[in-house]
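> Once you've had a glance at the structure underneath, I'll fire off some questions.
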Amino acid sequence: MTVVAHGIPRHSEAQGLVPATSREELDAAARALAGTRDTWAAVPPRERVAILDRLIEDFLAVSGLWVMASLEAKDVAAGTPGEADEWLAGPFSVLRNMRLLRESLAELAADRTPRVPGPVRPLPDGQVAARVFPATIWDRAFYAGVTADIWMQPGVGMAGVSGTQALAYRAGAIAAEGPGSPSPAGRRTDAGGSGAVCLVLGAGNVSSIGPMDTLYKLFVENRVVLYKAHPVNAYLGPLMERAFAAVIERGALKVVYGGAETGTYLCAHDAVDEIHITGSDKTYDAIVFGAGPDGERRKAAGTPALAKRVTAELGNVSPVIVVPGPWSERDIRYQAVNLVSSLVNNAGFNCNASRVIVQHAGWTLRPRLLDAVRAVLAGVPPRRAWYPGAASRDAAFRAAHPEAERFGPAGEGQLPWTLIPGLDPQRREDVCFGTEAFCGLWAETPIAAPDVPAYLERAVRFCNETLWGSLNATILVHPRSMADPAVRVAVERAIADLRYGAISVNHWGAIAYALGVTTWGAFPGHPATDIQSGTGVVHNTLMFSRAEKSVVRAPFRVWPLPPWFVSNRMGARLGPKLAAFEARPSLGKAMGIFGTAMRG
């Protein structure tokens, strides 16, 4: 099977490039994996290191075609910020993920637990946090001032953190179960025990999601994987087959194609032990409870139709909490670009795109920040709305909010960027609060409070109790604000109280997705009957089994500009260099990256 890497004028046409896999082939793939699950589970870490070495080389080899095919499918011009999006959310993220997994497996091959590079320390409320980033001189050079911690779930003590790592490689260990989703009966997940067949239902919006989900199941949870490519980006499937040859040859991975009917068939297949999905909560409900009125009744009764473990990442109405402070005009312009970049990346088709900007109603600079956001939006050319259903979702939001502000022209298959400012935070039923727009649209809401600590307390309550989902949240806070002890305490309390799987301070929350060493997934505890952002995590290359959330902290402004900033003129040139660096870091590559970045 070959991939078409040129002449893909529209994403909808690209969906038909790869034919659906027949029922006979699906059955054969599932049963073949069932026959190799124990063999794969027994592959020792040293061999897995060699497998990852080959995967890194093979993924790097297809990375140019990968990005080219994505650009043509989405009608994105080379050399634009859209090309940077494809490199960073494609080959770069996957190659980094592989390299970090390789490092952890090298530790396991030496009979050591994967090394936590920073301190493990107690938090004021008794939880424990492990500093997982930075780990190397390269991390400190490329992400100056950025740190990341994984907060463990309550009950994990200081001495017990290492005991939660790499459970699949511990004799007799049992993998943690997702809420309301049982594990296959009698299946052990240690390297010497029984394995399991995991159906990974790939995502269609971001090209690294499916490969990274597959890597997690293969190398962290020790599953063999039946990977169903999403119809929206199935044109990349043949490239993924080439790049994953090292595990396909071992019988640990099969790639299949098809739509919802194929997914439904495989979810119920007797050779499939468990399922992982990145998609919507509606798809999760259909898988776990079934479709139609019968599914609704089973969900209401809390009686799943499917007795299999299901892990899932299902999106979010991602908030950005803006902390009032002494922002200069330069600060405002910088953060306006930061905010807009977090919306327009990938044309707005990201589960971690900023969806609701939360501001203090009384902050004197609130109007100025909104005006700066408008000015940046006005200068970003609209992109093709390539993901299915974008126009109808956009229309539904605008019907609910005819006052919505539009930026840029509408055209065939193209939507303007949309801002809906000044929403009433007390209107809990507002569509902007309860539904993920999944297009180039976001909102802003002001929260009244007598001072900054009270505002932060109310903002956190609003995010936790009104906004749908728990995947990722962002806080923007000026360093001079943090110099005020009362504000500093309030910010730290906000970080602790936010019930989100990833919290980022001063950077777009997607950084927790790209770092790889951090966890990516919903805040734990959603029941299957109200799944919201999902259950379970991926990425997590240090292999923690009882993580609660990841917290990333960054400087208020950074220079050189991050490559995903829409104003970075060098983003498209940095993409391939960053991907090559992640495959095999070197001083020469680093110098080339810095030389290019300085011109951004």
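What follows draws every value from the coordinates through simple rules; no lab data is involved. Here the structure is a predicted model, which is why all the values come from computation and not from measurement. Every residue, glycine among them, receives a Cβ derived from its backbone with ideal geometry; neighbour counts consider all protein chains shown.
> So between ARG131 and THR303, what do we pick up on full extension, going 0.36 nm a residue minus the alpha carbon distance?
Values: separation 172, 0.36 × 172 = 61.92 nm, distance 3.95 nm.
Gain in length upon complete extension: 58.0 nm.
> Apply the a/c threshold of 1.5 to the C-alpha gyration tensor of segment 85-139 and tell me whether it is rounded, prolate or oblate.
oblate
> Further question on the same structure: For the pair MET482/ALA260, report the inter-label distance in nm, with labels modelled 7 Å from Cα in the Cβ direction.
4.6 nm
> Using helices alone, what [θ] at 222 nm do you get for the chain, with -39,500 (n - 2.57) per DSSP H run of 4 or more residues, divided over all residues and rounded to the nearest 500?
The per-residue figure over the chain is -11500 deg cm²/dmol.
> Right, here's the next one. To the nearest 20 debye, what is the magnitude of the charge dipole of the chain about its Cα centre, counting +1 on the Cβ of each Lys and Arg and -1 on the Cβ of each Asp and Glu?
Here the chain has a charge dipole of around 1140 debye.
> So if R0 is 41 Å, what FRET efficiency would ARG330 and ALA50 give, r being the distance between their Cβ atoms, rounded to the nearest 0.05?
Once rounded, the FRET efficiency stands at 0.25.
> Within 10 Å, count the other beta carbons around each residue, average over each peptide in 224-234, 122-132, 449-459, 585-595, and list them highest first. Don't skip to the answer; put the middle values down first.
Values: 224-234: 25.6, 122-132: 16.6, 449-459: 18.5, 585-595: 13.4.
Listed from highest to lowest mean packing, they are 224-234, 449-459, 122-132, 585-595.
> Over segment 405-493, what is the relative contact order in percent, taking alpha-carbon pairs closer than 8 angstrom and at least six residues apart?
Relative contact order, segment 405-493: 23 percent.
> Pop a pseudo-label 7 angstrom from the Cα along the beta-carbon direction at both MET68 and GLU412 and give the gap in nm to one decimal.
Using points 7 Å along Cα→Cβ, the separation is 2.7 nm.
> Is the shape of the chain best called rounded, prolate or oblate, per the rule: a/c under 1.5 gives rounded, else a/b larger than b/c gives prolate, else oblate, with a ≥ b ≥ c the square roots of the Cα gyration tensor eigenvalues?
Rounded, since a/c falls under 1.5.
> By how many nm would the segment from ALA496 to LYS282 grow when fully extended, if each residue of separation counts as 0.36 nm and the alpha-carbon distance is taken off?
Extending this stretch completely gives an extra 74.1 nm.
> Using only Cα atoms, tell me the angle between helix 292-301 and the longest principal axis of the chain; keep it within 0 to 90° and round to the nearest 10.
With both axes taken from Cα atoms, the answer is about 80 degrees.
> How high is the relative contact order of segment 447-535, in percent, counting Cα pairs under 8 Å that sit 6 or more residues apart?
On the way: 114 pairs, mean separation 26.4, N = 89.
Across segment 447-535, relative contact order equals 30 percent.
> With each label point set 7 Å from Cα along the Cα-Cβ vector, what nm distance links ARG398 and ARG121?
For ARG398 paired with ARG121, the spin-label model returns 5.0 nm.
> For the chain, find the longest principal axis of its Cα atoms and tell me its angle to the long axis of helix 485-497, 0 to 90°, nearest 10.
Value to nearest ten degrees: 30.
> Excluding VAL255 itself, calculate the net charge of residues whose Cβ lies under 9 Å from the Cβ of VAL255, where each Lys or Arg counts +1 and each Asp or Glu counts -1.
Around VAL255, the surrounding residues sum to +1.
> Can you list residues whose amide H is under 5 Å from LYS549's amide H, if they're 5+ apart or on another chain and H is modeled 1.01 Å from N?
Here TRP151 satisfy the definition.
> What percent does the relative contact order of segment 318-493 come to when contacts are Cα pairs within less than 8 Å and at least six residues apart?
Values: 280 pairs, mean separation 57.0, N = 176.
With pairs under 8 Å counted, the relative contact order is 32 percent.
> ASP451 to SER162: extension gain in nm, 0.36 nm per residue of separation minus the Cα-Cα distance? Numbers along the way, then the final one.
Values: separation 289, 0.36 × 289 = 104.04 nm, distance 4.12 nm.
Using 0.36 nm per residue and subtracting the Cα-Cα distance, I get 99.9 nm.
> With just the Cα atoms defining each centre, how far is segment 448-501 from segment 243-296? Give it in Å.
When both Cα centres are located, 37 Å separates them.
> Taking every DSSP beta bridge with both residues inside segment 318-493, roughly what % is antiparallel (nearest 5)?
Beta bridges within segment 318-493, antiparallel portion: roughly 25 percent.
> Further question on the same structure: Report, to the nearest 10°, how far helix 390-400 tilts away from the longest principal axis of the Cα atoms in the chain, using its own Cα long axis and a range of 0 to 90°.
Here the helix axis deviates by roughly 40 degrees.
> What are the ³J(HN,Hα) couplings of segment 222-234, residue after residue, when phi is run through the Karplus curve with 6.51, -1.76, 1.60 and θ = phi - 60°? Round to Hz, x for glycine and proline.
Once θ is set to phi - 60°, the couplings for segment 222-234 become 6, 8, 8, 10, 9, 9, 9, 5, 6, x, 5, 10, 4 Hz.
> Restricting to bridges with both residues inside the chain, how much of the DSSP beta-bridge set is antiparallel, in percent to the nearest 5?
Close to 35 percent.
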